[in-house]
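**Student:** This is the structure I have questions about; it appears just below.
The values are calculated or read from the model by the stated rules, or taken from the named source; none is laboratory data. Predicted model, so just to flag it, every value in this text is computed and none were measured. Here the Cβ positions follow ideal geometry from the backbone for every residue, glycine too, while neighbour counts run over all protein chains shown.
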Amino acid sequence: MAFSSLNEFFAMGGHAVYVWAAWGVTALLMLVIVWHARQERRQLLHAVKRRVRRENAQRQSSYAQSLQEPVTSAQKDVHHDA
Amino acid sequence: MWAFINKLRSPKWFYAISAKLQPLFWVAATLLLLVGTVWGLVFAPADYQQGNSFRIIYVHVPAAFLAQSIFVSMAVSGLVFMVWKIKVADMAATVMAPLGAAMTFVALFSGAVWGVPTWGTWWMWDARLTSMLILLFLYLGVIALRGAFSSRDSGSRAASVLAMVGVINIPIIKYSVDWWYTLHQPATFTITGRAAMTMDMWAPLLIMVLGFYSFFIALTLMRTRSEILRREANKRWVRELAEETN
């Protein structure tokens, strides 16, 4: 170990500002990059899901209309699809 | 061989294979970066001239390596996209650019901070520093150019061309310290030739470099997958997949 105490470690032999600024900015940026990538993935998956749900609903309502029957019978089919 | 190239064309195949590879690289990146950080910050001995400020090398050198490697990867992806029209290559190039810019920034910032106690200045129009600054502008140019077209394909082709032309800057960065010997020290890290530092300083640097590369691969796989979700949202397999995942 290059340091004999925790204080000595944080002081970095008088170079604390430089060492911790360089390491801190690097670590922070890399964490933000990972956080952003996770958010991005989550949002994109949600967007696809929302779209599929919306389009299924549209398809079902037009299907119900084309049958020109009470909506209840069409809704039974809906449950099979989902 | 052609079967393999044809598979590469398929985003669906890439999506499946990258799901398996990605965790390996995340685990490798986490372990290597943790070990390298503790070794570099706590256990490596202080430099006899620079004292503890030399510990900046453990973020500065890996970031500078990545900054250049990512640009080359981006140019190669651009070439693959232009020649074989492989969409996944263009998606990978898209997500590489911001990370490359971030790494160039880290290299420049950590270098500037390191320069204060070591050179007495945070900036000089030294050849290495200037060519790295140009690299940052090239990254920003590639990102801006991609977004500047109303058609995605035009943007992709323009970004690919700029990446392929801009790659000329990479050998200039590499040899700048030999051609114009000014302020920046020559390479500390050579594959051939003798090590410029002792083993206990050099080993954590190697570990950090490997950690940064693993991070790059893991993140590129992850974000290329996201890019597939973005661009192929209308494909049936993407819809089915989105339904399955929570």
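**Student:** Would you call B:Phe65 away from chain A (no Cβ under 14 Å), in a helix (DSSP H, G or I) and within 20 Å of B:Ile168 (Cβ to Cβ)? Break it down into steps so the answer makes sense when it comes.
**Tutor:** Details: away from chain A (no Cβ under 14 Å): no; in a helix (DSSP H, G or I): yes; within 20 Å of B:Ile168 (Cβ to Cβ): yes.
So B:Phe65 does not fit the description; no.
**Student:** Based on this model, can you work out whether B:Ala158 counts as in contact with a Phe, Trp or Tyr (Cβ under 8 Å, 6 or more places away or on another chain) and without any contact (Cβ under 8 Å) to a residue 24 or more places away in the chain? It would help to see each step written out before you state the result.
**Tutor:** Details: in contact with a Phe, Trp or Tyr (Cβ under 8 Å, 6 or more places away or on another chain): yes; without any contact (Cβ under 8 Å) to a residue 24 or more places away in the chain: yes.
Criteria met by B:Ala158.
One line per residue, one yes/no per condition, for (1) in a helix (DSSP H, G or I); (2) modelled with pLDDT of 95 or more; (3) surrounded by fewer than 20 Cβ atoms within 10 Å (Cβ to Cβ); (4) at negative phi:
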| position | (1), (2), (3), (4) |
| --- | --- |
| B:Ala158 | yes, yes, yes, yes |
| B:Asp178 | yes, no, yes, yes |
| B:Phe189 | no, no, yes, yes |
| B:Trp202 | yes, no, yes, yes |
| B:Ala218 | yes, yes, no, yes |
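**Student:** May I pose another question? Tally the residues that are within 12 Å of B:Leu210 (Cα to Cα) and of a type in the set (Gly, Ala, Ser), restricting the search to region B:54-73.
**Tutor:** 1
**Student:** Could you figure out which of (1) under 30 Å from B:Lys235 (Cα atoms); (2) more than 18 Å from the chain's Cα centre (by Cα) isn't true of B:Phe54?
**Tutor:** Failing condition for B:Phe54: (1).
**Student:** What tally of residues in region B:98-133 results from selecting those that are away from chain A (no Cβ under 14 Å), farther than 22 Å from B:Phe212 by Cα and surrounded by fewer than 18 Cβ atoms within 10 Å (Cβ to Cβ)? Break it down stepwise before answering.
**Tutor:** Here is the first cut: in region B:98-133, the ones away from chain A (no Cβ under 14 Å) are B:123-133.
Restricting the remaining residues to those that are farther than 22 Å from B:Phe212 by Cα gives B:123-127, B:130.
Adding the requirement that they be surrounded by fewer than 18 Cβ atoms within 10 Å (Cβ to Cβ) leaves B:123-125, B:130.
Residues meeting the conditions: 4.
**Student:** Could you grab me the full set of residues in region B:34-54 that are assigned to a helix (DSSP H, G or I), at the interface with chain A (Cβ under 8 Å from one of its Cβ atoms) and hydrophobic (A, V, I, L, M, F, W, C)?
**Tutor:** B:Leu41, B:Val42, B:Phe43 - these are the residues of region B:34-54 that are assigned to a helix (DSSP H, G or I), at the interface with chain A (Cβ under 8 Å from one of its Cβ atoms) and hydrophobic (A, V, I, L, M, F, W, C).
**Student:** Those residues that are without any contact (Cβ under 8 Å) to a residue 40 or more places away in the chain and over 12 Å from B:Leu108 (Cβ atoms), I need them from region B:122-151; list them, please.
**Tutor:** The answer is B:Trp125, B:Leu140, B:Gly141, B:Ala144, B:Leu145, B:Gly147, B:Ala148, B:Phe149, B:Ser150, B:Ser151.
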